[in-house]
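Engineer: Okay, handing you the structure first.
The values are calculated or read from the model by the stated rules, or taken from the named source; none is laboratory data. Not measured: the values here are computed from a predicted model. Neighbour counts are summed over all protein chains in view; Cβ atoms, including those assigned to glycine, are modelled from backbone coordinates with ideal geometry.
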Amino acid sequence: MLRDLQNGTNTVVSADNVGNWFNDVTNQGEVVYWVGAGWSGPGDTTYDYNIFRYRDGVTTRLTNDQYFWNTYPLTDGINVVYRKHDPCCGEQHYQITMYNDNLGEITLRPMGASEPQPDLDFQLRSGWIAFTKPGQGGLLQVWVRSPSGEESQISTFNASSYIVATKFSSH
């Protein structure tokens, strides 16, 4: 459900098994969400944990993954960043992935055992993306990806590092 606070109206974005938390919305009313209930195993393309975007009245499926689950999306209206991981319930491996309309999917952090969380392990603003991935020695460090696609490590601590981010509005 998308609530327009200025006009006091509600719009049903999706009624189909939307993930119960860690979905996102921009100030302009773009919504990204994951769908997953009803998954019946590898090869199920009906509800196999994929990311969708609702923008200007149109819903678009952003991922079409039959082997991994895609969950917990964040967006800045330019990019969508989310977790890609093994299906439930055995040994889990996770990666951080970015989706862009022009570039498609790009891996920001390769598969590993550490479970990334929105805001703590990935965040984005105005085309910039901050994310964690292993640096030298295998410890998680904070990296940044510029709107032009350049990546650089910005932390170099002797312990794993995370992002401290809060949601904010220009109003």
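Engineer: crowded, with 21+ Cβ neighbours inside 10 Å, modelled with pLDDT of 80 or more, in a strand (DSSP E or B) and more than 12 Å from the chain's Cα centre (by Cα) - does that describe any residue in the range 35-43?
Structural biologist: Here is the first cut: in the range 35-43, the residues crowded, with 21+ Cβ neighbours inside 10 Å are 35.
Cutting the leftovers down to modelled with pLDDT of 80 or more gives us 35.
Next, from what is left, pick out any that are in a strand (DSSP E or B): 35.
Restricting the remaining residues to those that are more than 12 Å from the chain's Cα centre (by Cα) gives 35.
Yes, some residue in the range 35-43 is crowded, with 21+ Cβ neighbours inside 10 Å, modelled with pLDDT of 80 or more, in a strand (DSSP E or B) and more than 12 Å from the chain's Cα centre (by Cα).
Engineer: If you don't mind, another one. Can you name every residue in the range 66-93 that is among the charged types (D, E, K, R) and either closer than 19 Å to Val144 by Cα or under 14 Å from the mean Cα position of the chain (by Cα) (or both)? Full working, then the answer.
Structural biologist: Restricting attention to the range 66-93, the residues satisfying the condition of being among the charged types (D, E, K, R) are 76, 83-84, 86, 91.
Asp76, Arg83, Lys84 - these are the residues of the range 66-93 that are among the charged types (D, E, K, R) and either closer than 19 Å to Val144 by Cα or under 14 Å from the mean Cα position of the chain (by Cα) (or both).
Every residue, every condition in (1) at pLDDT below 95; (2) assigned to a loop (DSSP other than H, G, I, E, B); (3) under 22 Å from Asn27 (Cβ atoms); (4) not β-branched (Val, Ile, Thr), yes or no:
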residue: Ile129; (1), (2), (3), (4): no, no, yes, no
residue: Thr132; (1), (2), (3), (4): no, no, no, no
residue: Gln141; (1), (2), (3), (4): no, no, no, yes
residue: Ser148; (1), (2), (3), (4): no, yes, no, yes
residue: Thr156; (1), (2), (3), (4): yes, yes, no, no
residue: Ser160; (1), (2), (3), (4): yes, yes, no, yes
residue: Val164; (1), (2), (3), (4): yes, yes, yes, no
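Engineer: May I ask you to list the residues in the range 66-99 that are small (Gly, Ala, Ser) and more than 18 Å from Ser114 (Cβ to Cβ)? Lay out the reasoning, then the answer.
Structural biologist: Looking only at the range 66-99, we keep the residues that are small (Gly, Ala, Ser), and these are 77, 90.
Hit for the range 66-99 is Gly77, nothing else.
Engineer: If I ask for residues that are surrounded by fewer than 17 Cβ atoms within 10 Å (Cβ to Cβ), hydroxyl-bearing (Ser, Thr, Tyr) and under 19 Å from Tyr82 (Cα atoms), which ones from the range 117-154 would you list?
Structural biologist: Correct list: Ser126, Ser146.
Yes/no matrix, rows are residues, columns are (1) without any contact (Cβ under 8 Å) to a residue 40 or more places away in the chain; (2) β-branched (Val, Ile, Thr):
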| position | (1), (2) |
| --- | --- |
| Met111 | yes, no |
| Glu115 | yes, no |
| Pro118 | no, no |
| Asp121 | no, no |
| Arg125 | no, no |
| Pro134 | yes, no |
| Gly137 | yes, no |
| Val142 | yes, yes |
| Glu150 | yes, no |
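Engineer: Looking at this structure, is Arg61 modelled with pLDDT of 85 or more, over 16 Å from Thr97 (Cβ atoms) and either basic (Lys, Arg) or touching a helix residue (DSSP H, G or I) at 6+ places or on another chain (Cβ under 8 Å) (or both)? Can you show your working first?
Structural biologist: Numbers: modelled with pLDDT of 85 or more: yes; over 16 Å from Thr97 (Cβ atoms): no; either basic (Lys, Arg) or touching a helix residue (DSSP H, G or I) at 6+ places or on another chain (Cβ under 8 Å) (or both): yes.
The answer is no for Arg61.
Engineer: Continuing with this model, one more query. Do the conditions hold for Ile96, that is, is it over 24 Å from Met1 (Cα atoms), β-branched (Val, Ile, Thr) and either over 17 Å from the mean Cα position of the chain (by Cα) or not in a loop (DSSP other than H, G, I, E, B) (or both)?
Structural biologist: Numbers: over 24 Å from Met1 (Cα atoms): yes; β-branched (Val, Ile, Thr): yes; either over 17 Å from the mean Cα position of the chain (by Cα) or not in a loop (DSSP other than H, G, I, E, B) (or both): yes.
Against the criterion (over 24 Å from Met1 (Cα atoms), β-branched (Val, Ile, Thr) and either over 17 Å from the mean Cα position of the chain (by Cα) or not in a loop (DSSP other than H, G, I, E, B) (or both)), Ile96 qualifies.
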